[in-house]
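In what follows, a structure is listed as structure tokens, so that the remarks can point back to it.
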Amino acid sequence: MHVSGPNGTGKTTLLRVVTGLLRPEQGVVTWRGKSIASTPTDYQNDLAYASHEPALKGDLTALENLRFMVGLRRRATSQELRAALDRTGAAGCADLPARVLSAGQRRRVAMARVLAVGAALWLLDEPYTNLDTVGCAMLSALLVEHAQKGGLALVVAHHELSVGAKMRHLAMQG
Amino acid sequence: MSVGAWSAFVLVLRRELCLSFRRPDQLIQPLMFFLIVTTLFPLGLSVQLSLLREMAPGVLWVAALLASLLSLDALFKSDAEDGTLEQLVLSGQGLYVIVLAKTLAHWLVSGAALVLVSPVVGTALAVPLSAFPTMMSSLGLGTLALSWLGAIGAGLTVGLKRGNVLISLIVLPLAMPLLIFGAGATDRAISGTSPVGALYLLAALCVLTCTLAPFAAAAALRITLE
């Protein structure tokens, strides 16, 4: 699902409510028929969230960052993590400290984390920001591939998405 | 294959220690503060060994408390600023486990390091050699308990730009029993009486804070993220 709308309409807030980081003022967020508040761990195991911030430690390499973040979710080998970095076009950054990476490279590493976690539901907040044309195409391809595998993605983006007929659009009004 | 709580604890602990050793300034600053502050007393007071020995427990403990507080502000702040905290909350691991590992790592690079250099300071303050074991064990227990208390303060102030002063205001009143029993134990060891009672109380406070404070700090972090 593609969520769009002018600045300040609450797109990121909606995404944070869906992650469970914020409690909804009204209503209930459910996943697989259960409220996410009642089974937060099950829900979080099915969830990969990429926020505005790439959640990288500057003093660790991209691979070390990935090993830690993915390692909290599942046991992953270095080959798997390198493959995820390769898939997002960040293989060359694997052994570089995150502080020397450009904003676009950081975004690619963050997407590699989402990919490597292997979750069914992707929640992405402005994932196209700072990506070049090739990076945007790569991300769209990843979204299509994820949907083809039966995965779901909620994407907040100003960028026009062209990821196939399955996509739904939610335009938020101010 | 999902990851168990113990594996997550070890992973967070290793990462925190790795980050601390790659930024040695964070490691060295509290130590230098501790050494400098405690060295000022023998320089500023008259060179009477009996006077220094009498003041040693208080000086040691106040300096150790303040040095431990110096680095507490950074416990969760950098994670909150770079988005890591949100990822940790959504990792499917209990936030309690993550807070426990982060706080223990903080103690290992601040409190435990203070304990290791305390014999140098003890010698400068004319603490007898026989009181060193008590001085070191009381400082170890006290700084560990202070780290648990500090985690609550750090959790509550993580969203504030300059939370350092507020952490001190939250934590120092709670740390008074630690100061009383810790300095008391060292004082007893210096004067040749048994420090066991004060050490037991210090250990009990350490267990109490270790058991409850991570829950409180985790709750504080969740509130701050909302």
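The values are calculated or read from the model by the stated rules, or taken from the named source; none is laboratory data. Not measured: the values here are computed from a predicted model. A quick note on method: Cβ atoms are made from the backbone with ideal geometry, for glycine too, and the neighbour counts reach across all protein chains shown.
Here A:16, A:99 are screened, and the one residue that is touching a residue at least 40 places away in the same chain (Cβ under 8 Å), out of contact with any Ser or Thr (no Cβ under 8 Å at 6 or more places or on another chain), within 14 Å of another protein chain (Cβ to nearest Cβ) and charged (D, E, K, R) is A:99. The residues on offer are B:2, B:20, B:7, and the sole one that is among the small types (Gly, Ala, Ser), within 13 Å of chain A (Cβ to nearest Cβ) and within 21 Å of residue B:117 (Cβ to Cβ) is B:20. The residue pairs whose first member lies in the stretch B:205-226 and is farther than 15 Å from residue B:101 by Cα and within 14 Å of chain A (Cβ to nearest Cβ), whose second member is among the basic types (Lys, Arg) and surrounded by fewer than 14 Cβ atoms within 10 Å (Cβ to Cβ), and whose beta carbons are closer than 9 Å, counting only pairs six or more residues apart or on different chains, are B:226/A:23. With the structure loaded, tell me whether residue B:43 is more than 25 Å from residue B:180 (Cβ to Cβ) and in contact with a Phe, Trp or Tyr (Cβ under 9 Å, 6 or more places away or on another chain) or whether it fails that test. Answer is no for this residue. Of the helices (runs of 4 or more DSSP H) entirely within the stretch A:61-174, those holding at least 3 residues that are under 23 Å from residue A:31 (Cα atoms) occupy A:103-117, A:133-148. Within the stretch A:28-54, residues that are under 16 Å from residue B:85 (Cβ atoms) sit with their Cβ atoms under 9 Å from residues that are exposed (fewer than 13 other Cβ atoms within 10 Å of the Cβ), at 6+ positions apart or across chains, in these pairs: A:53/B:81; A:54/A:103.
In the stretch B:10-23, the residues that are part of a loop (DSSP other than H, G, I, E, B) form Cβ pairs under 7 Å with partners that are surrounded by 15 or more Cβ atoms within 10 Å (Cβ to Cβ) and at pLDDT below 95, at six or more places apart or across chains, as follows: B:23/A:59.
Taking the stretch B:89-100 as the search range and keeping residues that are in a helix (DSSP H, G or I) and surrounded by 23 or more Cβ atoms within 10 Å (Cβ to Cβ), which one is farthest from the chain's Cα centre (by Cα)?
B:98
Condition test on residue A:25, is it more than 8 Å from chain B (Cβ to nearest Cβ), within 23 Å of residue A:156 (Cβ to Cβ), part of a loop (DSSP other than H, G, I, E, B) and acidic (Asp, Glu)? Yes. Can you say whether residue A:58 is more than 7 Å from chain B (Cβ to nearest Cβ), out of contact with any Phe, Trp or Tyr (no Cβ under 8 Å at 6 or more places or on another chain), at positive phi and outside any helix (DSSP H, G or I), as far as the supplied structure shows? Criteria not met by residue A:58. Taking the conditions exactly as written (modelled with pLDDT of 90 or more and assigned to a loop (DSSP other than H, G, I, E, B)), does residue B:193 satisfy them or not? Criteria met by residue B:193.
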